[in-house]
Amino acid sequence: EIIDAHGQILLPGFVDLHTHLREPGREDTETIESGSAAAALGGYTAVFAMANTSPVADSVVVTDHVWRRGQEVGLVDVYPVGAVTVGLEGKQLAEMGTMASGVGAVRMFSDDGHCVYDPLLMRRALEYANTLGVLIAQHAEEPRLTKGAVAHEGPTAARLGLAGWPRAAEESIVARDAILARDAGARVHICHASTAGTVELVKWAKAQGISITAEVTPHHLLLDDSRLETYDAVNKVNPPLREASDAAALRQALADGIIDCVATDHAPHAEQDKCCEFAAARPGMLGLETALSIIVQTMVEPGLLDWRGVARVMSEQPAAIVGLDEHGRPIEVGEPANLTLVDPEAGWTVRANELASISNNTPFEDMTFPARVTTTLLRGRVTAREGKAGG
Ligand code: DOR
Ligand code: ZN
Ligand code: ZN
């Protein structure tokens, strides 16, 4: 087979540290198979499937299933993320060691969607993770500050009568966990950084030599809370879309290396869970198939990142954060490669019904972007080509 890469950009396969596939539990909204197709089309060769499934991925039975099913589908390596606590409720630590030594070899544990807000429990989680050599990825939401909150706390939410989610809900946990990680001599990863204040805290923590890393989503780089004007629940997400000044600070931080990588927080939801009143709708938006295009628009076109930088934030740094060192490593000389080709001239318009995801909750509907993934190879095998997954 001949792949004509004329005029295209060759990048290492992308690694997404934050993907919600809905298997097991909500296969009506996404399966490992449909999510793998979306990932391949988005240029990904590895995704980390978040633990808030049903049942929760707090046991080796679930994490091994996710890994095995991903391998069976064969479009992308689906690495299971284990839950930090049993049932995600944050009361008792899950058996991380058992999950880490299973077939799924869990290397990242998260409380995503349900912050571990008990500092004592978080301290023990960090210490335990440190002894296992695994990573804790913190959703960073102090729930006592977000009770009933549905949108960023600011002038827009106030005018629209939407209950506000303060920046402090995120920043107080980021600050706390940076200190806890320092004292435990452990690593901590901050999920979906969304505020300028989080950027300052991560910068401070790194300057102290604390082992902290952070990710940012494409939607927090591109969108802001002005999108709420329509009350369209497609714009509802946790953490919420912030103000334009936060988005600008996040873009600069990604350019400067304070934020390490892009992660999608791909969160499929059913129509009926998104079409209701804003306050009642589920939070989350699709991300896998649009991520690269948004990074080109927000980071490459304004000159904040060059293509080398894109490889860093989409592939190399996320891989390094989770220590992918065997088949997950983006490019290894002498081995079949994980590669992504991007056509920088291929403008396209997002249509939810043309995406591979089972769900349609993209906030980018009808938006036109400047570049698109054309080809993805997993260990030398085509997994997506000209808009078709499967190769
Ligand atoms: O917007 C979000 N959606 N944030 C989360 O923390 C969870 C996720 C989901 O599972 O839908
Ligand atoms: Zn989250
Ligand atoms: Zn998430």
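Here is the figure for the stretch 208-256: residues that are within 16 Å of ligand 2 (Cβ to nearest atom), under 17 Å from R312 (Cα atoms) and among the polar types (S, T, N, Q) total 2. For the stretch 128-143, taking the residues that are more than 16 Å from ligand 3 (Cβ to nearest atom) and under 24 Å from the mean Cα position of the chain (by Cα), the one that is surrounded by the fewest Cβ atoms within 10 Å (Cβ to Cβ) is identified as G133.
Right, T198: assigned to a strand (DSSP E or B) and under 21 Å from L17 (Cα atoms) or not?
Details: assigned to a strand (DSSP E or B): no; under 21 Å from L17 (Cα atoms): yes.
No: the conditions fail for T198.
With respect to the stated conditions, A233 is of a type in the set (G, A, S) and either at pLDDT below 95 or within 16 Å of ligand 1 (Cβ to nearest atom) (or both). Look at (1) touching a Ser or Thr at 6+ places or on another chain (Cβ under 9 Å); (2) assigned to a loop (DSSP other than H, G, I, E, B); (3) small (G, A, S) and you find that S54 fails only one, number (1). Could you tell me which residue of the stretch 257-292 is surrounded by the fewest Cβ atoms within 10 Å (Cβ to Cβ), considering only residues that are more than 15 Å from ligand 2 (Cβ to nearest atom) and among the acidic types (D, E)? Among those residues, the one meeting the criterion is E277.
A quick yes/no check of all residues on (1) in a helix (DSSP H, G or I); (2) touching a helix residue (DSSP H, G or I) at 6+ places or on another chain (Cβ under 6 Å); (3) touching a residue at least 12 places away in the same chain (Cβ under 8 Å):
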residue	(1), (2), (3)
T98	yes, yes, yes
H114	no, yes, yes
T131	yes, no, no
T156	yes, yes, yes
S172	yes, no, yes
A175	yes, yes, yes
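Here A157 meets the list (1) crowded, with 19+ Cβ neighbours inside 10 Å; (2) more than 21 Å from the chain's Cα centre (by Cα); (3) of a type in the set (G, A, S); (4) under 22 Å from D260 (Cβ atoms) almost entirely, failing just condition (4).
A search for C-beta distances below 7 Å between a residue of the stretch 263-287 that is under 13 Å from P240 (Cβ atoms) and any residue that is more than 13 Å from ligand 2 (Cβ to nearest atom) and hydrophobic (A, V, I, L, M, F, W, C), counting only pairs 6+ apart in sequence or on different chains, returns F278/V150; F278/L162; F278/A233; A279/V150; A281/A233; M285/V234.
Selection of the stretch 14-42 for residues being among the polar types (S, T, N, Q), in a helix (DSSP H, G or I) and out of contact with any helix residue (DSSP H, G or I) (no Cβ under 6 Å at 6 or more places or on another chain) yields only S34.
The values are calculated or read from the model by the stated rules, or taken from the named source; none is laboratory data. This structure is a prediction, so every number in the text was calculated from the model and none was measured. All Cβ positions, even for glycine, are placed from backbone atoms using ideal geometry, and neighbour counts span all protein chains on display.
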